[in-house]
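*Asks:* The structure under discussion is supplied below as structure tokens; questions concerning it will follow.
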Amino acid sequence: MSGRPLQKLLWPRLARGLFSRPLTDAAPSPPPEIAAALAERLEQASQRRLGRSLAIRQVDAGSCNGCELEINALNSVIYDLERFGLRFVASPRHADVLLVTGPVTRNMREALLRTRACTPEPCWVVAAGDCAVDGGVFKGSYAIEGGVGDALPVDLVIPGCPPTPTQLLEGLLALLDAQQPARAKK
Amino acid sequence: MTPLAIIEAGAPQDCRPHPRFLLTRPAWQALTAALAVEEATDLLSLWAEPGMVHAALWTAGRLVLASCPAAEGRYPALSPARPGAVRFERMIRDLWGLTATDGIDARPWLDHGRWPAAPPLAARPAPVPYPPPQPEFLAVEGEGVHQIPVGPVHAGIIEPGHFRFHVQGETVARLEVRLGYLHKGTLSLMLGKPARVAARFAGRLSGDATVAHGWAFAMAVEAALSFTPPPRALALRAVMAELERVHNHLNDWGFVCNDAAFAYPHARCGVLREGVLRAAREAFGHRLMMDRVAPGGVTDDLTPAGIAAIGAALGKVAEDIPALRAIYEGHASLQDRVVGTGIVAPSLVARFAAGGPVGRASGRRFDARATPGYAPYAAARVPVLAAGDVDARVRIRIAELEESLRLIEALLADLPAGEILAPLPQRGGEGVGVTESFRGECLHWVALDDGGLVRAVFPRDPSWLQWPLLEAAIEGNIVADFPLCNKSFNCSYSGVDL
């Protein structure tokens, strides 16, 4: 358990990383129709405060944890979310975006609404995954609200069961892209 | 009389492949008394349907089911003899309205007082006239004790649950977990559906174990119908199940290191895991392989291109494990955090019959692939340790990771030819399916009516018997070590919230 031979193992690997190409994928391009639709809605909002970055707070409002696996994958070096100015934050008080998964169970509704109340304006709500869109396979259950839109106004939906990290990234980039016209105007 | 003898004296019911016996109320009472003096019998599951409770027990190397009619909504509690029964009994009262007489904890569990009518699975649910009650937590007395409430919305990207810590200084005196936030009414949605439709819900009980749960449900349905799926389908299920184990164990290994603020293994495991998920998509058309196991077989066949993708991704994992292991074992800053942290005593693991890496890190050698065993697994090597700390749970995962690589290689080298999905016969029946997920054994019970629709069902996630041990693991540790303990368990929230 002495340190020396082990540094031999870790440091060369880290050093190799300095001279090799990154593992990160090329950036996907967001679907133009999503970006255009959002641009219109966001024009009136104050973009100056946001600059070119978005702080995201994820809220699981009843998912099966499949969506969380894929959202966590976004943080890996393969997708490297932070290169786009997107990052996950630990508190809704630091967030611009609430990324909500799950069909909003009745047992999570109050926690979701309180999280929204803690998030400063302007705030965008993104419903990620088929359950968050309209309840998905859990539609019609006594225990759910039926989708994030049944509890909160939603700005963007990202369907999929679960959405792949690439689909999630496309949706979030569309949010960033939608800010461009508003910024250019000022 | 032994518990087994008492159960076998009951009226045998037609449940396959593990028998179910209907006991009278006095016989069930005798069973609880026998369990109190005989420690070798494990309680694996406890559930209900209107007017009846069922238990699954592991005794004398066999899985047996016992049932007790709940006349006037009551049945004798098992919790005084088996503490693992506590949350099942609370769940049964919340969902079916059946009360465990002399149960040691009568507080609500899944029911937070927010459903329009309760109990939702009883014959006649009634509207709830009162507002949601404040949850009650077990008290702690002592000088300077204070509470730290955490959740249900956490700081990380994880599932919702409430953790109530009672601490004295930095030391945790008691942790109590309150779950139920993810209750989606899954059981009610499965009822009355054809098996193939209900399978979609089994595959979404806990998304990270979608293959294992999908397989356990399919196995229960196939057992109920005395149907044997094609050999190629069984082999492909095993390939998917082992891929699922590999990507989850990589995830957990990386996250434990990350929670000790050691980022490199987390980054590296993330890269390897992403490779495995992309290979799964190439091979089976879905990164998590959701809905690929169906009662009757599997939906997607494996092409040579898929086999090559899996081989390439797993080759990278195999190549990296030795270096990653050396880094994990060799850095004092990391070892200092994991060794001796969050110890679960083997005696406690045995009492709760916890399976998976949690059980095997504390000396309980139960792996459904070996016992009761199922095709196509011949002999899975099951690593067991006794230390019971965070480090032991990580080491079990690493060993299982390597074993899964070996199993997949062997399965792919010897894939049977032939069809992958066969039509199910249209008839009724009752069956049990047990598979080993990366967390432990998934135990599904299903009863189909004559039209082949689900009449009653209970999918039991392994986390039911592991969550209570997390509360034991953190006792006496510092609050800052809770993320490490929690991640080393990685219990499913959705899986137990139903």
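*Asks:* Roughly how many nanometres apart are two label points built 7 Å out from the Cα toward the Cβ at B:ASP102 and A:VAL77?
*Replies:* The two pseudo-label positions are separated by 6.0 nm.
*Asks:* At a 1.4 Å probe, which residues in the range A:142-174 are at least 40 Å² less accessible with all protein chains present than in their chain isolated?
*Replies:* Residues shielded by partner chains are A:TYR142, A:CYS161.
*Asks:* Quantify, in whole percent, the carbon and sulfur part of the accessible surface of the protein assembly as shown (1.4 Å probe; protein heavy atoms only).
*Replies:* 55
*Asks:* Same structure, new question: What figure in square angstrom, to the nearest 10, would you give for the accessible area of B:GLU49 with a 1.4 Å probe?
*Replies:* 30
*Asks:* Sticking with this structure for a sec: If I model a spin label as a point 7 Å beyond the Cα along the Cα-Cβ vector, how far apart are those points for A:ASP150 and B:ALA386 in nm?
*Replies:* Rounded to a tenth, the inter-label distance reads 5.4 nm.
*Asks:* Continuing with the same structure: Taking θ = phi - 60°, what integer Hz values does the Karplus form 6.51 cos²θ - 1.76 cosθ + 1.60 yield along the range A:109-121, in sequence order, with x for Gly and Pro?
*Replies:* Result, rounded to whole Hz: 4, 5, 5, 5, 5, 5, 4, 4, 5, 7, 8, x, 7.
*Asks:* Let me ask something additional. Calculated FRET efficiency, B:GLU319 and B:ALA370, Cβ-Cβ r, R0 41 Å, to nearest 0.05?
*Replies:* So, using R0 = 41 Å, E works out to roughly 0.90.
*Asks:* Could you tell me the accessible area of A:ASP134 in Å² (1.4 Å probe, neighbours in place), rounded to the nearest ten?
*Replies:* Probe radius 1.4 Å; accessible area of A:ASP134 about 60 Å².
*Asks:* If the label point is 7 Å along Cα→Cβ of B:ARG281, which residues in the range A:65-103 have backbone nitrogen under 13 Å from it?
*Replies:* A:70-71, A:73-74, A:78-79
*Asks:* Could you point to the residue in B:ALA11, B:GLY73, B:LEU44 farthest towards the positive end of the range B:3-127's charge dipole, with +1 and -1 charges on the Cβ of Lys/Arg and Asp/Glu respectively?
*Replies:* B:GLY73
*Asks:* Net charge near B:ASP336: determine it from the other residues with C-beta under 13 Å of the C-beta of B:ASP336, scoring Lys and Arg +1 and Asp and Glu -1.
*Replies:* Within the 13 Å Cβ shell, the charges total -3.
*Asks:* Say each of B:ASP449 and B:GLU143 gets a label point 7 Å from the Cα, pointing the same way as Cα to Cβ; how far apart are those two points in nm?
*Replies:* Each label point lies 7 Å from its Cα, and together they span 6.5 nm.
*Asks:* Which loop-located chymotrypsin sites (Phe, Trp or Tyr not before Pro) does the range B:1-56 contain, where loop means any DSSP state but H, G, I, E or B and the Cβ has at most 15 other Cβ atoms within 10 Å?
*Replies:* Taking the range B:1-56 and a limit of 15 other Cβ atoms within 10 Å, no loop chymotrypsin sites (Phe, Trp or Tyr not before Pro) are found.
*Asks:* Let me ask you something else. To the nearest 100 Å², how much accessible surface do chains A and B cover up together, summed over both, with a 1.4 Å probe?
*Replies:* Buried surface at the A/B interface: approximately 4400 Å².
*Asks:* How large is the accessible surface per residue of the protein assembly as shown, computed with a 1.4 Å probe and reported in Å² as a whole number?
*Replies:* Roughly 37 Å² per residue, with all protein chains present.
*Asks:* In addition: Looking at the range B:415-495, which trypsin sites (Lys or Arg not before Pro) are DSSP coil and have at most 16 other C-beta atoms within 10 Å of their C-beta?
*Replies:* B:ARG427
*Asks:* Largest first, how would B:LEU324, B:LEU4, B:LEU421 line up by accessible area (1.4 Å probe)?
*Replies:* Heavy-atom accessible area, descending, gives B:LEU421, B:LEU4, B:LEU324.
*Asks:* For B:LYS193, go through the aspartates and glutamates and keep the ones whose alpha-carbon is under 19 Å away, minus same-chain ones fewer than eight residues off.
*Replies:* Excluding near neighbours in sequence, the set is B:GLU49, B:GLU222, B:ASP291, B:GLU430, B:ASP449, B:ASP450.
*Asks:* Just to make sure I understand: if all protein chains stay in place, what is the order of B:MET289, B:MET219 by accessible area at 1.4 Å, largest first?
*Replies:* B:MET219, B:MET289
*Asks:* Could you tell me whether chain B comes out rounded, prolate or oblate from its Cα gyration tensor? Rule is a ≥ b ≥ c as square roots of the eigenvalues, rounded for a/c under 1.5, then prolate if a/b exceeds b/c, otherwise oblate.
*Replies:* Oblate is the answer for chain B, as a/c is 1.5 or above yet b/c matches or exceeds a/b.
*Asks:* With contacts defined as alpha carbon pairs under 8 Å and 6 or more residues apart, what's the relative contact order of chain B in percent?
*Replies:* 18
*Asks:* Could you pull out the trypsin sites (Lys or Arg not before Pro) across the range A:86-175 that fall in loop regions by DSSP (anything but H, G, I, E, B) with no more than 14 other Cβ atoms inside 10 Å?
*Replies:* Filter output for the range A:86-175: A:LYS139.
*Asks:* Still on this structure, please answer the following. Would you please give the FRET efficiency between A:ARG52 and A:SER20, computed as 1/(1 + (r/R0)^6) with r the Cβ-Cβ distance and R0 = 30 Å, to the nearest 0.05?
*Replies:* 0.60
*Asks:* Follow-up. Note down the magnitude of the dipole of the range B:3-127 about its Cα centre, charges +1 on Lys and Arg C-beta and -1 on Asp and Glu C-beta and zero elsewhere, to the nearest 20 debye.
*Replies:* So the magnitude is around 280 debye.
*Asks:* If eta is 0.890 mPa s and T is 25 °C, what Stokes-Einstein diffusion coefficient results for the protein assembly as shown, Kirkwood Rh from Cα pairs, in µm²/s?
*Replies:* 95
*Asks:* Using heavy-atom solvent-accessible surface (probe 1.4 Å) with all chains present, what is the largest-first order of A:GLU145, A:GLU82, A:GLU68?
*Replies:* A:GLU82, A:GLU145, A:GLU68
*Asks:* Could you pull out every residue, at least 5 positions away or on a different chain, whose amide H is within less than 5 Å of the one on B:ALA77? Hs are placed 1.01 Å off N in the peptide plane, and Pro or chain starts have none.
*Replies:* B:THR101, B:GLY103
The values are calculated or read from the model by the stated rules, or taken from the named source; none is laboratory data. The structure displayed is predicted, hence computed values, not measured ones. Every residue, glycine among them, receives a Cβ derived from its backbone with ideal geometry; neighbour counts consider all protein chains shown. To get the accessible areas, we keep the full protein, side chains included, count just its heavy atoms, and leave off ligands, DNA and RNA. Shrake-Rupley method; radii C 1.70, N 1.55, O 1.52, S 1.80 Å.
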